[in-house]
Amino acid sequence: MSQEVGVLNSINPKQQSWLNRVLRDETTGGMLLLCAAAIALFWANSQWHASYEHFVDFRIGPESLGLDLPVHIWAADGLLAIFFFVAGVELKHEFVTGTLSTPRLAVVPIAAALGGMLASATIFLIANRGTDFSQAWGIPISTDIAFALAVLAVVGRGLPMELRSFLLTLAVVNDLAAITVIAIFYSSSFNVVALFIAAILLIIFGFLQRHGFNNPLVLIVLAFGIWYATLQSGVHATVAGVVMGLLMRVKIRNNEKISPGDKAESFLRPFSAGFCVPAFALVSAGVALSGIPLGEAIKQPLTIGVLLGLLVGQPLGITLGAFLTARFTKGALNPNLSWWDVFVVGTLASIGFTVALLINEVTFAGKDSLLASGKFAIVFTNGIAILVSSLAVFIRLRFIHRKTQV
C-alpha cells in the first residue's frame with residue numbers, strides 16, 4: 001500500500017532556509033505595516049488632517065506620459081506592482097520546488113484558499129444584497145500575509161514550521177486569486193492596443209527568462225514597459241507585477257549560485273515589505289473617524305459584510321475547503337498537526353488589509369463617502385481580526401505545551 005502524501009509535509013532543509021528568510025522579512029514588514037496604518041489613522045484624525053489629504057492627493061510624474069498621478073494612485077498601481085511581483089515569484093517557487101510542486105500537494109492549500117475566498121464573498125453578498133455596497137464583495141476575500149506573520153512573530157513562537165509554511169502557501173495562492181479577481185471584475189474599460197502591447201512584452205520577458213538572458217538594465221526597462229502598457233490598458237497595473245513574477249526562472253542552471261527569480265526576490269523583498277506595503281498603508285488607511293458616527297458605521301451593511309466575511313468566512317471556508325479536499329483525495333495532514341491547526345491558519349487568514357484596501361480603492365474610486373466607509377470597515381475589522389487570531393494562536397500554543405508536558 002502506497003504511503004499517503006501529507007498536506008503539510010516536513011520541509012527539506014533547502015526549502016526551510018528559503019522559508020525562514022521569507023517569513024523573517026514578511027514579519028518585519030508586518031510590524032512596519034501596522035505602524036504605517038496607525039500613523040495614517042492618527043494623521044487623518046489630527047489637527048493636521050488637511051496636510052494628510054493634500055499629501056495623498058499630491059500629483060507627481062511626467063504629464064506627457066499620462067503619469068502625473070496622485071500619490072495614492074502611485075502607491076496602489078506602482079508600489080503594489082512590486083509587492084505582487086514578489087508574490088508572483090513566491091508562487092512560482094511554490095509551483096516548482098515547494099508545496100505546490102505536485103498536484104497531490106497543491107490541491108489542499110489551493111482548495112483551502114479558494115474555500116475561504118468563496119465563503120467570505122458569499123457572506124458579504126448576503127449582508128449587502130440590494131445595497132450600493134454589493135459591488136465591493138472582493139474586499140473580504142484577501143489575506144494579508146505580512147500582518148498574519150507579524151501576529152505569529154509576537155504570539156506564535158513554538159508553532160510547527162509546517163503550519164507557517166501552509167499559511168504562506170495559502171496566502172500566496174490567495175494573492176494570485178485576488179489579483180485575478182481585480183483583473184476580471186475591477187478593471188476599467190479596456191484599451192485593446194495597450195493590452196496587446198503588454199502581452200507582447202510579457203512574451204518577450206518570458207522568452208528572455210527561459211533562455212537565460214539576465215541583463216538587469218534591459219529587464220528593468222522591459223518591466224517598466226510592461227507595467228506602463230498594462231496601466232494604459234485599463235487592467236489594474238498590479239496584474240503586470242504578478243505575471244512577471246510568475247514568468248521568472250527559479251531553477252538554478254549551469255554554474256549559477258542563485259536563480260534569477262530568487263535573486264530578484266531577495267533584492268526586492270526588503271523594499272516591498274519594508275517600504276512598498278507600509279507606504280501604501282500610509283496613504284490608504286487614513287480614514288477620518290470624526291465625521292463618521294461610530295454606532296452607525298458599525299451597523300452599516302458594508303462593515304457587517306466585511307466583518308463576517310473575514311472573521312467567519314475565511315476560517316470556515318479554509319477549514320472546510322481543506323477538510324473536504326483531504327477527505328475525498330489522497331492527501332492527508334501531517335501526523336504532527338491537526339485540523340485545529342488548519343482552523344488557526346483560517347483565523348490568521350481573516351486578517352485582510354493590503355489587498356482589501358486596494359479593492360476598496362478601485363471599487364469606490366471617485367466616491368469619497370463610500371471610500372471612507374470601506375476604509376472604516378477594513379480598519380475596524382482588522383483590529384478585531386488581529387485580536388481574535390492572536391487569541392486562537394495563544395490557545396493553540398497553550399494546548400501544545402500542555403500536551404508535551406503530559
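Where a number appears in this text, it was derived from the coordinates with a stated rule and is not lab data. For clarity, every value in this text was computed on a predicted model and none was experimentally measured. We place every Cβ from the backbone using ideal geometry, glycine too, and count neighbours over all the protein chains shown.
Miscellaneous remarks
- Among 358-370, 170-182, 54-66, 130-142, the peptide with the highest mean count of other Cβ atoms within 10 Å heads the list, and the full ranking is 170-182, 130-142, 358-370, 54-66.
- Fraction of the pair-distance distribution of region 275-319 above 12 Å, Cα-Cα pairs, percent: 72
- Rounded to the nearest 500, the helix-only mean residue ellipticity at 222 nm of the chain stands at -22500 deg cm²/dmol, with each DSSP H run of n ≥ 4 adding -39,500 (n - 2.57).
- Positive-end residue, the chain charge dipole about Cα centroid, Cβ charges, pick of Ala111, Thr180, Gln47: Ala111
- Debye equation applied to the C-alpha atoms of region 217-268, log10 I(q)/I(0) at 0.13 Å⁻¹: -0.37
- Taking the C-alpha atoms of region 276-406, convex hull volume expressed per residue in Å³: 152
- Charge dipole of the chain (Cα centre as origin; +1 on each Lys and Arg Cβ, -1 on each Asp and Glu Cβ, all else neutral): 1360 debye, rounded to the nearest 20.
- Rounded FRET efficiency, nearest 0.05, which uses the C-beta distance separating Phe95 from Val218 and R0 of 22 Å: 0.30
- Directionally averaged projected area (convex hull, Cα atoms, the chain), nm²: 21.8
- In region 156-302, the inverse of the mean reciprocal separation of distinct Cα atoms equals 18.4 Å; this is its Kirkwood hydrodynamic radius.
- Coupling constants for region 376-390 follow from the phi torsions by the Karplus curve (6.51 cos²θ - 1.76 cosθ + 1.60, θ = phi - 60°), and in residue order they are 4, 4, 5, 5, 4, 5, 5, x, 5, 4, 5, 5, 5, 5, 4 Hz; glycine and proline get x.
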